[in-house]
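Right, one structure below, let's go through it.
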Amino acid sequence: MARVVVVGGGFGGMASAVRLAKLGHAVTLLEARDELGGALGSLEVDGFRWDLGPSTTALPAVVRDLFRKSGRPLERELDLVPVDPIREHRFEDGTNLSLPHGRAAQERAIDEALGGGGADWLAYTTSFHETWETIRRDYLERPWAPELVDRATRDLVFTRDTLHKRVRRAFKDDRLRAIALHGVRLEGHDPRNVPAWMGFLAYVEQKFGVWTVPGGLSQVSETLVKRLGERRVEVRTGTTVRDLVVREGRVVAVATEAGDLDADVVVVAIDPRGLPALARYVRHTMPAIPPVVCHLGLGPEAPEMPAEVVLHSNPSIVVRTTGQAPGGGQAWTLLGRGQLAEDIVTALARLKIDVRPHVVTRVDRSPRELVEELHGSPYGVQWQGRRTLTDRLSTRTPLPGVFAAGAHATPGAGVPFVGLGAALVAQEVGPA
Ligand SMILES: Cc1cc2nc3c(=O)[nH]c(=O)nc-3n(C[C@H](O)[C@H](O)[C@H](O)COP(=O)(O)OP(=O)(O)OC[C@H]3O[C@@H](n4cnc5c(N)ncnc54)[C@H](O)[C@@H]3O)c2cc1C
């Protein structure tokens, strides 16, 4: 049995902690804030309740696997349900595409809404079938290191082809280009710096759909908090980790303001640039900056909207409507990117969704405030071309005894990838 200290109580840290505890280790979880969950938390004001960050997840199998491998299956705790249509895309020219789940349904919807292009979209998404199989096998389901994979996988992941170029080749229609690039742009990346294979996300969403928990995805976090207790993980909130203590080339403790905590194994599920012992290994990384976030509490007369609407313009605004509200009202979250020279609710009104008369309450978070509140960006490392593959930490770090999970480690940000990263940490540390 190893003494494991997990740094960071977001989804990445909690998922690593429950898995390692189930494997028989003595686990302590350290979180700087007074509550666990990180970006997977929730926010409640005046009876309105919003997911702080994620409202849906791709690859539901990852969350299911986490719950199965750490105790009871998810189905006994929560309903994970598909969101269909996945999202609606609206363009300034009046095009309105409700994108469903499934190949044939997507082809039909695109042909109808855009007056053609469905076959191009299918050709694009299908072109990632082999890519997905390779990435899943060599990048997502086993710890990543260039020397551990064969030549074909290395050629694929280190390609000079970018997502931007791939999408330009695949589509003449700017609307399809915008749809294909929406995900990486929302996560704060420039598609010219993202490798082409990251386009597999469109294939994965089409094939497996996106999923949520009715009432808010943050309930996954609440269920994990319960599981930490069941697995006897010692949780210390309000505890900021300052550094790792390394002796004779191996980690021996974690340094906090309250003193050092001895450890045989440390799992770092935060931005490692903040820990001097790790900072030099990640000096070339930069964080991907979150969007502008605005949580709105709306009265009962506000217009009804689908679960997620993407307004393609500058600024681009994503409207998520799945929060909980009292008295027949609605709880929306707006995510803004681009030139936001005016208030985001005013910008939304200009894009023909005017909820200004219905706002009962609102909570705004600038990108900077969000990063400060969560002690790092929940979007992890920004893609800066293929060098990011080796610039960011992989599961096994250069420091013996130290493993990396969370959005800043391979395979990256987002609920599915952070969940896969925690599974990789458990795989590497192994049973007690
Ligand atoms: C607005 C928004 C919308 C999003 N939407 C989606 C979505 O729809 N679908 C999706 O899949 N993903 C989405 N994401 C991304 C997803 O939320 C994150 O990638 C994921 O939750 C990151 O988890 P994490 O544990 O790595 O990091 P975090 O959630 O950031 O948690 C890190 C934790 O570590 C703590 N910490 C940091 N430094 C220290 C320290 N020195 N000592 C102790 N504790 C420390 C922090 O306080 C924090 O609690 C969204 C994110 C945001 C912000």
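List of remarks:
- Build a GNM of the chain with springs between Cα atoms under 10 Å apart, and of Val293, Val309, Val359 the one that fluctuates most is Val359.
- Highest mean first, the peptides 3-10, 227-234, 146-153 sorted by other C-beta atoms within 10 Å per residue fall in the order 3-10, 227-234, 146-153.
- For region 21-66, GluC sites (Glu not before Pro) meeting the loop criterion (DSSP other than H, G, I, E, B) and having at most 14 other Cβ atoms within 10 Å: Glu35.
- Available extension along the chain between Ala258 and Glu373 is 39.3 nm, counting 0.36 nm per residue and deducting the alpha carbon span.
- Kirkwood Rh, angstrom, the chain [1 / mean 1/r, Cα pairs]: 22.2
- Distance between the modelled labels on Glu44 and Arg3, one decimal in nanometres: 3.7 nm (7 Å Cα→Cβ projection).
- Listed by chain and number, the lysines placed with their C-alpha closer than 30 angstrom to that of Lys22 are Lys69, Lys226; residues fewer than eight positions away on the same chain are left out.
- Positive-end extreme of charge dipole, the chain - chosen from Trp132, Gly13, Leu74 (charges on Cβ): Trp132
- For the residues Leu261, Leu36, Leu244, a GNM of the chain with alpha-carbon springs under 10 Å puts the largest fluctuation on Leu261.
- Unit charges at the beta carbon, dipole of the chain: most positive-side option, Met198, Ala39, Ala61: Met198
- Label-point separation in nm, Val81 to Lys165, each point 7 Å along Cα→Cβ: 4.5
- Asp155 paired with Glu133, simple spin-label distance in nm, labels 7 Å along Cα-to-beta-carbon: 1.6
- For Glu342 and Asp93, the FRET efficiency from 1/(1 + (r/R0)^6), where r spans their Cβ atoms and R0 equals 22 Å, is about 0.50.
- Normalised by residue count, region 96-206 yields a Cα convex hull volume of 105 Å³ per residue.
- Linear extension gain, Glu234 paired with Gln427, 0.36 nm per residue minus alpha-carbon span: 67.4 nm
- Inter-part distance, region 137-175 to region 30-96, computed on C-alpha centroids, equals 27 Å.
- Whether region 188-252 is rounded, prolate or oblate, judged on the alpha carbon gyration tensor where a/c under 1.5 counts as rounded: oblate
- Calculated on alpha-carbon atoms, Rg and Dmax of region 283-421 in Å: 18.2, 58
- Shape call, region 13-157: gyration tensor on alpha carbons, a/c limit 1.5: oblate
None of the figures in this text is laboratory data; all of them are computed from the coordinates on show. Keep in mind that this is a model prediction, so the values were computed, not measured. Because the Cβ atoms are built from the backbone with ideal geometry, glycine has one as well, and the counts that use them run over all protein chains shown.
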